[in-house]
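Peer 1: Handing you this structure, nothing more for now.
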Amino acid sequence: MDLTYRTLFSKRKTLSISVERDCSVVVHAPDGTDPERIRRAVESKRLWLYEKTRHPQKTQTRTHPPGTELVSGESLLYLGRHYLIEIVEREGFAIEFRNRFIIPRARAAGRTEVFREWLQARARGLILPRVRKQAQALGVAYEEAKITDGHYRWGSCTPGGNLNFNWRLIKAPLFVIDYVIAHELAHLIEPNHTPRFWSIVRIAVVQMDKAKGWLKENGQLLEQDL
Ligand SMILES: [Zn+2]
């Protein structure tokens, strides 16, 4: 399928994609964004855009079987993959993840918040143990590792040995998460981005170059709420 879209440039900081009432696709991008990067961002949302432009009125007309309604084809990025979101009539839970995200209808309106909490909990459960493991493998000691809610930085470290990781990283593939962890840990050995620094990171994460490329292309997608 050929996806046509308009790009609107502005002073905004992040890239977002929306589907207008007339089913046209509009990309809102920061001034000066590389067109190739925009094309890739649209490409990565292909499934979502396809659903949304093809079935624009589906949620209103209620032609779907009960219990299997999609939030207008919305999907959520988790560990590098887009998973569809499904609304069900069952109650008594916040989110279920079974190769798609299932949420009760009562939570659908506030889903951005529900998903954020779910992803933050997953980030703590997955990233922090991997930091411990990688630190052991690299033979470095750190003071404390935390999951934070910053923007525009995936990881950071202080000279005192405190490490911070952005919870939005949980949307990236595992090899990218491992790269960001290795990057921050390697700074405890070598503060600057010297050849020695990169060779430490590369030993820890063989897919270092692929991970850097992934972040460069998709980093802005991690910033989107859904
Ligand atoms: Zn660095």
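Peer 1: Sort all Cα-Cα distances of the stretch 117-223 into consecutive 5 angstrom bins from zero, then give the percent of pairs in each bin up to the one containing the longest distance.
Peer 2: Histogramming the stretch 117-223 at 5 Å steps yields 2, 13, 25, 27, 21, 10, 2, 0 percent.
Peer 1: Follow-up. Amide H neighbours of GLY80 under 5 Å, at least 5 residues apart or on other chains, H built in the peptide plane: list them.
Peer 2: Correct list: ALA172.
Peer 1: Another question, if that's okay. In the stretch 67-226, what percent of the accessible surface is made up of carbon and sulfur (1.4 Å probe, ligands and nucleic acids excluded)?
Peer 2: Accessible surface attributable to carbon and sulfur in the stretch 67-226 totals 51 percent.
Peer 1: Just by accessible area at a 1.4 angstrom probe, what is the order of ILE189, ILE85 from largest to smallest?
Peer 2: ILE189, ILE85
Peer 1: In nm, to one decimal, how far is the modelled label at PHE97 from the one at PHE175, with both set 7 Å along Cα→Cβ?
Peer 2: Those two pseudo-labels are separated by 2.0 nm.
Peer 1: Output wanted: per-residue J couplings in Hz (rounded whole) for the stretch 120-128, from phi through Karplus 6.51 cos²θ - 1.76 cosθ + 1.60, θ = phi - 60°, x for Gly and Pro.
Peer 2: Each residue of the stretch 120-128 in turn: 5, 5, 4, 4, 5, x, 9, 6, 4 Hz.
Peer 1: Right, another one. Give, rounded to the nearest 20 debye, the magnitude of the charge dipole that the stretch 72-226 has about its Cα centre when Lys and Arg contribute +1 at Cβ and Asp and Glu contribute -1 at Cβ.
Peer 2: Rounded to the nearest 20 debye, it is 320 debye.
Peer 1: Ok, one more. Find the accessible area per residue for the stretch 117-223; the probe is 1.4 Å, ligands and nucleic acids are left out, and the unit is Å².
Peer 2: Solvent-accessible surface per residue comes out at 50 Å².
Peer 1: Right, something else. Pick out, from SER199, LEU185, VAL140, the residue whose Cα sits farthest towards the positive end of the charge dipole of the stretch 117-223, with +1 on the Cβ of Lys and Arg and -1 on the Cβ of Asp and Glu.
Peer 2: SER199
Peer 1: In the neighborhood of PHE165, defined by Cβ-to-Cβ distances under 11 Å, what is the net charge if each Lys or Arg adds +1 and each Asp or Glu adds -1?
Peer 2: Overall, the nearby charge balance is +3.
Peer 1: Right, something else. For the stretch 115-199, with only Lys/Arg (+1) and Asp/Glu (-1) charged at the beta-carbon, what is the dipole magnitude about the Cα centre, in debye rounded to 20?
Peer 2: 280
The values are calculated or read from the model by the stated rules, or taken from the named source; none is laboratory data. All figures in this text were calculated on a predicted structure; none of them were measured in a lab. Note that each Cβ is placed from the backbone with ideal geometry, even for glycine, and that neighbours are counted across all protein chains shown. To get the accessible areas, we keep the full protein, side chains included, count just its heavy atoms, and leave off ligands, DNA and RNA. Shrake-Rupley method; radii C 1.70, N 1.55, O 1.52, S 1.80 Å.
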